[in-house]
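Here the structure comes first, spelled out in structure tokens, and everything after it is commentary.
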Amino acid sequence: MKLEIARGLFLVAALGVASLAAASWHEPGMQVVSELDRGLEPLAPKAHTDSAATRPDEDLLLFIFGLSQGLQGSQ
């Protein structure tokens, strides 16, 4: 195969890859998404959860730290 033909095929392949990468890189613009657009209904006033019930345990971070330290000894 001649060198000119190989260069031409390489150039076409490189442009094809670049155009596919540019097409997949496209990100949609910023837009406001409301609950009604997604088909969701707002919660009733009594359906809101108590913030104390959703607050994690105070010792949770210490527990996770202890587990991670225990895993380091087995490696």
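Relative to the present Cα-Cα distance, how much length would full extension add between Met1 and Val17 at 0.36 nm per residue of separation? Please list the in-between numbers first.
Values: separation 16, 0.36 × 16 = 5.76 nm, distance 2.25 nm.
Extending this stretch completely gives an extra 3.5 nm.
Ignoring everything but the protein chains, give the 1.4 Å probe accessible area of Ser68 in square angstrom, nearest 10.
We get 50 Å² for Ser68.
Full extension from Ser68 to Glu27: what is 0.36 nm times the residue separation minus their Cα-Cα distance, to one decimal in nm? All intermediate terms of the calculation are to be shown ahead of the outcome.
Numbers: separation 41, 0.36 × 41 = 14.76 nm, distance 3.76 nm.
That works out to 11.0 nm of additional length.
The values are calculated or read from the model by the stated rules, or taken from the named source; none is laboratory data. It should be emphasised that the depicted structure is a prediction, and the values quoted were computed from it without experimental measurement. When the accessible area is computed, the model is the full protein with side chains, heavy atoms only, and any ligands, DNA or RNA have been set aside. Shrake-Rupley method; radii C 1.70, N 1.55, O 1.52, S 1.80 Å.
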